[in-house]
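Read-outs throughout are calculated quantities, based only on the coordinates presented, and are distinct from any laboratory measurement. What you are looking at is a predicted structure, and each value in this text was computed from that prediction instead of being measured. Positions of Cβ are backbone-derived with ideal geometry, glycine not excepted, and every protein chain shown enters the neighbour counts.
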Amino acid sequence: MDKLFSTILLLILLLISIFIHGTNCHEFSRRLSKKTMGLKRQKLSHLHFYFHDQVSGKNPTAIKICNTSVTGFGLLAMIDDTLTIGPEPNSKLVGRAQGVYAQSSLNDDSLLMVFNFAFVEGKYNGSSLSVLGRNSVMLPLREMPVIGGSGVFRFAYGYAQAKTYSYNVKTGDAVSEYDVYVFHY
């Protein structure tokens, strides 16, 4: 009788456990609300800064990894470029552009840009935005998508517009002005 009672009790506890936790405690996905994720109202932010791509000198911020073509097609560069408030190199640092770009067109000077804007200033310190897109550097205004972010920019999406501020033909160094428009929570 004791054995029957303990078996029934164990069965009842097992059924209660299944009812409370479901049959699979390790779910692949589940539906969440914005509130449970701590997300409040969506905001639209505009960021304005200058992107300094320095390929010359003894401390370049862009390094060619490979360049197999006379035309430049296939060039691949790793970057850790400075982002500043103004166009001057000694202007206040607000972040860095870290990633890669590649010469991706046979016919024009278009780059595939894959990088993060890693911010180090103010309320955006420690946050980043991820950019992935085509940069046709000879156009006066280029647009690339913002595909995500971290920190303050978690769940971010939007776009970045770039304009060449200055380009040194001799050294290859460039400064671009960026306006970034991004939705985030």
How high is the relative contact order of the chain? Use alpha-carbon pairs under 8 Å, at least six apart in sequence, and give a whole percent.
19 percent
If I stretch the segment between THR171 and VAL120 completely, what's the gain in nm (0.36 nm per residue apart, minus their alpha carbon distance), one decimal?
15.6 nm
Pairs of lysine residues in the chain - Cα separation under 20 Å, sequence separation of 8 or more or cross-chain:
8
Quick one: among PHE28, PHE153, PHE119, which has the greatest mean-square fluctuation in a GNM of the chain with alpha-carbon springs under 10 angstrom?
PHE28
Taking 8 Å as the Cα distance limit and 6 or more residues as the minimum spacing, I'd like the relative contact order of segment 85-185 as a percentage.
18 percent
Efficiency of FRET from Cβ geometry, LYS163 and MET37, R₀ 30 Å, rounded to 0.05:
0.25
Sort 159-167, 76-84 by packing, meaning the average of other beta carbons within 10 Å per residue, with the highest value first.
76-84, 159-167
Pick from MET37, MET113, MET144: which is most flexible by mean-square fluctuation in a GNM of the chain where alpha carbon atoms under 10 Å apart are linked?
MET37
Out of ALA97, ALA156, ALA174, any idea which swings most in a Gaussian network model of the chain, alpha carbons joined below 10 Å?
ALA174
Evaluate the distance, in nm, between pseudo-label points positioned 7 Å from the Cα of ASN90 and of LYS3 along their respective Cα→Cβ axes.
9.1 nm
